[in-house]
Each structure stands twice: as structure tokens, then as C-alpha cells.
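Report on one structure; see the data block that follows.
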2 protein chains.
Amino acid sequence: MRAHSTIHDVARLAGVGIGTVSRVLNDHPSVRPATREKVFAAIAQLHFKPNPIARSMISKQTGSIGAIVPFFTRPFHIEVLCGIQNALSRTGRELILYNVENDMQRDHYFSEIPMHRKVDGLLVISLPPGDTFAQGFYAVGLPTVLLDAYNPYLTSLVVDNVEGAYQAVKSLIDKGHQHIGFINGIIEGNFRFNQANDRLIGFHRALGEAGLLFEPMMVTESAWNRRAGCAAALHLLAQQPRPTAIFAASDVQAIGVLEAARSLHIAVPEELSVIGFDGIEVSELLDLSTVQQPMQQMGEMGVAKLIELMANPQLPPELICLSTTLVERYTTTNERD
Amino acid sequence: MRAHSTIHDVARLAGVGIGTVSRVLNDHPSVRPATREKVFAAIAQLHFKPNPIARSMISKQTGSIGAIVPFFTRPFHIEVLCGIQNALSRTGRELILYNVENDMQRDHYFSEIPMHRKVDGLLVISLPPGDTFAQGFYAVGLPTVLLDAYNPYLTSLVVDNVEGAYQAVKSLIDKGHQHIGFINGIIEGNFRFNQANDRLIGFHRALGEAGLLFEPMMVTESAWNRRAGCAAALHLLAQQPRPTAIFAASDVQAIGVLEAARSLHIAVPEELSVIGFDGIEVSELLDLSTVQQPMQQMGEMGVAKLIELMANPQLPPELICLSTTLVERYTTTNERD
DNA sequence: TTGTACGCGTTATCAA
DNA sequence: TTGATAACGCGTACAA
């Protein structure tokens, strides 16, 4: 467990000053090839690696970016994370993961991370910060990009949730469904941009356009998970008239719907159509219709935008809207009339 | 974008020396309450937060631990990661994620991370380092814990893969299967400990114990993913005699088997039993029999062991073996005779 | 082209 | 109990 060698050791061994070693390390032009060689030799001999911490002291750069993620809630987040890692590893930067499980933890990170300055930039997934926090990020000069969330003060990357939900519900209506249940995700955070809210709007729009009556008891909400989705579905399926189709705000909730249907011996898709939202891998396995989000792409674009922002912190916030794709599979193959 | 205030600013405002401020921050006993108050007031007024980078310079501690993970390969890794995050967030430490996609990247991290000293400890998932690297970790004093991998020089947390595979195959034999196919994972890394190898041993043992003939053409291997699993299954199912059951080294591969069976119009479980390994969430959704690994627990125990090791780096390496649980579901409900 | 000295923001030592 | 000062390892003016 020998102590690591420092730039001083290298300088001594090479018979030069530390300044020269530093110049070699940062390949500064003005250093004679012969000297450079000597230094390189010493570096190799000592297995010297510059200490990144000491470097950070001066440069104010850490070489890592942070991601605040509600890690456990949905596979959706994992997929986005994969996109992030993917894009990030190519840049040689490392990723620090901040997992939030509740509002308290979220706000903790929102207020602490900018002060930590242990990251050069920040990605926030599905967690819209309030304006206070958003302005805080901006004020301390921490480049931040929001994914699947929106705040006017920060560059935000979202999908068109209204349109996505609209497509899903319209596809059901086109198949002749009149009574369509909707299981929304639980609305949390601020309301300027909210996935759940937008999906509800899309639901309304599709109904309205088709001249269908909006039936309040056909709409409910649940947490973003299977069990809650199942419970919500049981609730909807107990209504009169019973919905012939259910649109869930996420695939995991939709899977809960499938479970509910099975437990009630309601055949899918014969008696009940089901469509989810996200397009996570399981949806394909279960042959579940869904609204596909470009998850990987969101992660990758988020990194790209963040790096852009880190290179030029003056850039004004941007709102980027990606589009979704309707994927019709087995669970919506029944026609009504 | 005002510069952050430092300990000096606080000292000046409070009318004390920086030493005193430092003592207050680290709640050193010998500081008079009155002085402490003054300092606290100044800290609050300036919104001062100690700079963790500067702290690290002295303390040689970064407050973060690293995890080297083959991130994209299997849901298994995600689950372990969840366990890690879970345990870690309680300790106030942060997690740096190193994603490896190939051997080169793996070796890169193995050799770079110890020198970086940007992490206080390291978790390595499913990637057995060679002895050279393992001894390297030990030599530079980087506490390291291996999860789902083994090296004699490092604390390792594994499941009993031999026993797990044995249980799976035995359960098939008990149901009367005589021709059991085995799709192993691709063997990579060193061979001292290897999940794939151990599972093959378990397969052999169950066969041998039952006095069944080992049929080489019933064994194949594939990458740890669905598509490869499907291809491997197609291969096995083309053999004569056709296997009446297939054991796959992972759930994702087993799912590939299900797809292969479907495409060949082979009914599961009537004509073909299928059992996987891991016990990822999807296995439950698909009603797939499997050998359940305690994934979350592996992550949590890994963190616990690592923290133990960081507190006392002298601790000798330990080999901890967790056990698996056979979970029999729909895909293995056919009896043969 | 090269070496020296200073600064980065802390902690730790040591007088006072 | 306190304040000054020396590390920590590196980047960088500035002087040589």
C-alpha cells in the first residue's frame, strides 16, 4: 500500500521542475522534445497518474456529471439511463447516480448538488424542479438538462405526451370503443409540465374529437407500478357500463391491468383492449400495445445537450419535444361496433 | 454566478480564525459555545458549504463508491444495482457508475480506477478480475468487493450456482424428463469462478445422480440475451431426440426459448418445459419457472461488506455464498413418464 | 524553454 | 480555547 507518486517525484527523477512535468502532462507546446522524453520516462517508471482531485481544485472541473433519477419507479427510467451511460462513456466522463425515492430526497438533492460542485453538469429525469430550484441551478452556474420534465428556466427534453395519449385513445375509438377507461399516473411535483396531466389532456381531446361523452368514473389514477395499476383496473372494471378498453399512463400500470383482467376472467383482447405508455421491453414480450417513447434517444440527446451547455453555459434554455410512436400489438386487436 | 464563499469568508465575518471555523464544521469539542454560535451565524448568512473537493485533498476520502457493471447485458445487474443504491443512499455516500460493454473497457476500468482514487471503495458485478488486477486493488489499498464473481484475493459475494442449476435440472428430472437441453451463458473472463461453468457442473451433477446419460448435443451456449437464447433454442429443438425440457442459464435466455418454441408451434409446457435462472421481474409476468437469486440482497450485502472493509482495510478477503430458490411456475408444469 | 512560487479550500499541528 | 501556518497535489503566472 505504497503512497502514490506525485508530480514532484516525477520532476525529481527526470531532473526537471514540476512546471515542466505539468506542461508535459497537458501537452503544452513549449517544451523541448528531449525534455519531454525524459519526463515521459520518469512518468512511466513511477507509474505516475495525476491526481484528479488536485486537478479539480484548480480547474473547477470534476470530469463527472450527475443524474437525478427516480431509480426504482419505472423501467422507463432505466432505459433512459442506459442512453445516458451510452452517450457519456464515449466522452470519458463518469456518471454519478442520485437516486430519489421521495419528495424530501428530491429536494435535498436539488439544493445540495449545486453546492457540492462534485459534478460539472446535471441531468434530471422525470422530476420537474420548482422555479426556485431551477433558478438556483442557473444562478450557481450548474449546467442542467431536464429529461421527461419541463421548466422554463432549464433546457428540457420532453415527449409530446398530449399527442401520445391522443394517438392511443384515438386508436381505441377508431376500433369502435365507446367506453374507454383511463388509468393515469399519480400527479406529483409542479403542474407547469406534467406527464400525467398532459396524458389526461390527450385523452380528453381524443374523446372530444370523436364526439364521445367524457365519463368521469372511467378515469382514475394510480402509482406508477403494477400492483397499483391492477387495483385501479379492478376499480374501473367494476363500473357500469364496464369499459371495453383501458388506456394506462405507463406500461407497468397496463401490465397491472392485464393481471386484473385475468383475475376477473375477462379475456384480453376479446372483452377488453389494453394499451400502455412507454414501450419498455416487457411490453413487447407481453404483446402489449403501447405508445413508444424514444427512451434511449432521450438519454443520448440529454447528454449531448448537456455537453453543449457545459461548453457554453450562456446558451438560453431550450425546449425540445420528441415524438412518440403508436405500437399496436395483440392487446388491442379487438374491434367493436 | 457569484463565487462560493469559503472558510476564510466565514472566519472573517465571524471574526475568528479559519482553524476555529474548521473545528466548528467538524464539531471538534474544544470550541466555546459563544464562538460556535458566531461561526454558525456567519455560515448561515453566507450560505457556506464546505468544498468537498478541498476536503478530499486532505482526507483522501471522496465520499463516493464506484460500481463496475455490465449495465446493459441483463436485468439481473439492474436489480443488484438497485440493492446497492438502496443500501448506499442510507449511508450518504454517492454512487459512481462505470459501465462496461467489452473486455477492453473492463480492463481499462480495472487498471484506471485504483489510480484515480475518485472512489473510496469499489463494487464489481459479474466481472471476475484476473489475479493481477485483484492484487492490484489490494496493493493500492482500494477496498473492493466482488458480486456474482470470485477471486481469492478479494471479498466475494456469490450464489451457489452449482446448487441452483442442480435444483433446476433435478426438478425437471423429477417430472420425468429424460432429454433435457441446457443453454449456458457464454463463458468469459477467467475460469476460477464462473457462473456459466458452475451451472454446467450443476447440470451434470443432476443428470449423473439420476443415472441419466449426458448428451453433448443437448448442451449449447449463447450470449446472455433473448435473441441469442432464441437462436440456441432453435438449435436444440432441431436435435433428435428433441428435448422435452430446456434449462437456460438466465431468464432472458429462457424467454428466448419461449419465443423459439412459439415460432415452432411447440406448446409450453405441454410439449416443452422451460426453466430459467435469476428470477428477474419479467419471469413472474411470463409465468416462467426459474432459479431465484437474491439480487437485491446481493447488492445490499455487497455494500455492507464494502463499508466494513473501508472501515478496516486489513480484513482478509471473505467468500460469502448465498443460496438460490427454485421457483416453479407455469412453464414447468408438464409431467412426463 | 525551463524552474519557482503562489493559489485552490480544506484539515491538522502547534504555539500562544 | 484559539489563531497562524504548514501540508495536500496540481496548474500557472512570472521570472530566469
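Bear in mind that the values in this text are calculations on the coordinates, not laboratory data. All figures in this text were calculated on a predicted structure; none of them were measured in a lab. Positions of Cβ are backbone-derived with ideal geometry, glycine not excepted, and every protein chain shown enters the neighbour counts.
Dividing the summed -39500 (n - 2.57) terms of all DSSP H runs of n ≥ 4 by the residue count of chain A sets its mean residue ellipticity at 222 nm at -14000 deg cm²/dmol. Packing-based ranking of B:243-252, A:6-15 yields B:243-252, A:6-15, ordered from highest to lowest mean Cβ neighbour count within 10 Å. Computed from Cα atoms, the angle from the helix A:195-209 axis to the main principal axis of chain A rounds to 40 degrees.
As a proxy for reagent exposure, ranking A:ILE180, A:ILE18, B:ILE53 by other Cβ atoms within 10 Å from fewest up yields A:ILE18, B:ILE53, A:ILE180. Position B:LEU213: other-copy label points at 7.2 nm, ordered by increasing distance, label point 7 Å along Cα→C-beta.
Between the alpha-carbon centres of the stretch A:98-160 and the stretch B:54-118 there is a gap of 22 Å. Using the Cβ-Cβ distance between B:ALA44 and A:GLN296 with R0 set to 41 Å, the FRET efficiency works out to roughly 0.40. Just so you know, the Rg over Rh for the stretch A:89-231 is 1.07, from Cα atoms, with Rh as the Kirkwood radius.
Placing pseudo-labels 7 Å out from each Cα toward the beta carbon at B:ARG32 and A:ILE18 gives an inter-label distance of 3.8 nm.
Taking every Cα-Cα distance in the stretch B:200-288 and sorting them into 5 Å bins from zero, the calculated P(r) comes out as 3, 14, 26, 26, 19, 9, 2 percent. Taking every alpha-carbon pair under 8 Å whose residues sit at least 6 apart, chain A reaches a relative contact order of 17 percent.
As a length-normalised measure over Cα pairs under 8 Å and 6 or more apart, the relative contact order of the stretch B:285-337 settles at 68 percent. For the stretch B:120-133, the Karplus equation 6.51 cos²θ - 1.76 cosθ + 1.60, evaluated at θ = phi - 60°, returns couplings of 8, x, 9, 10, 10, 9, 6, 10, x, x, x, 4, 4, 5 Hz by residue, with Gly and Pro reported as x. Within 10 Å of the Cβ of each residue in B:274-281, the mean number of Cβ atoms contributed by other protein chains is 1. Going from the residue with the fewest nearby Cβ atoms within 10 Å to the one with the most, A:THR324, A:THR331 rank A:THR324, A:THR331.
The length gained on full extension between B:ARG227 and B:ALA139, counted as 0.36 nm times the residue separation minus their Cα-Cα distance, comes to 27.6 nm. Averaging 1/r over every pair of different alpha carbons in the stretch B:3-136 and inverting the result gives a Kirkwood radius of 17.7 Å. Straight-distance candidates among the lysines for linking to A:LYS170, with alpha-carbon spacing under 20 Å and chain neighbours fewer than 8 residues away dropped, are absent. Along the Cα-to-C-beta direction of A:SER59, a point sits 7 Å from the Cα; which residues of the stretch A:120-137 have their amide N less than 16 Å from that point? Correct set: A:120-121. Each peptide in B:36-47, A:96-107, B:276-287 receives the mean, over its residues, of other Cβ atoms within 10 Å, and ordering these scores from highest gives B:276-287, A:96-107, B:36-47. Annotation: amide H-H contacts under 5 Å for A:LEU326 (H modelled 1.01 Å from N, sequence separation of 5 or more, or interchain): A:GLN292. Averaged over the residues of B:48-57, the number of partner chain Cβ atoms lying within 10 Å of the residue Cβ comes to 5.
Loop-located GluC sites (Glu not before Pro) in the stretch A:211-277 (DSSP state not H, G, I, E or B) with no more than 12 neighbouring Cβ atoms inside 10 Å: A:GLU270.
Could you tell me how far the Cα centroid of the stretch B:11-31 sits from the Cα centroid of the stretch B:282-337, in Å? When both Cα centres are located, 48 Å separates them.
Each other copy holds its own label point for B:ASP160; taking that point as 7 Å from Cα along Cα to Cβ, the gaps run 5.7 nm, nearest first. The mean number of Cβ atoms from other chains found within 10 Å of a Cβ in peptide B:114-123 is 3, as a whole number. Helix A:161-174 and the longest principal axis of the Cα set of chain A meet at an angle near 30°. DSSP assigns beta bridges within chain B; of those with both partners inside it, close to 10 percent run antiparallel. Within the protein assembly as shown, antiparallel bridges make up roughly 15 percent of the DSSP beta bridges whose residues both belong there. Across identical copies of the chain, A:ALA304 has label-point separations of 4.5 nm, listed in ascending order, with the point defined 7 angstrom from Cα along Cα→Cβ. For chain A, a Gaussian network of Cα nodes joined below 10 Å ranks A:HIS177, A:HIS265, A:HIS204 by mean-square fluctuation, and the top entry is A:HIS265. Note on B:LYS118, B:LYS175: ascending count of other Cβ atoms within 10 Å places them as B:LYS175, B:LYS118, the fewest first.
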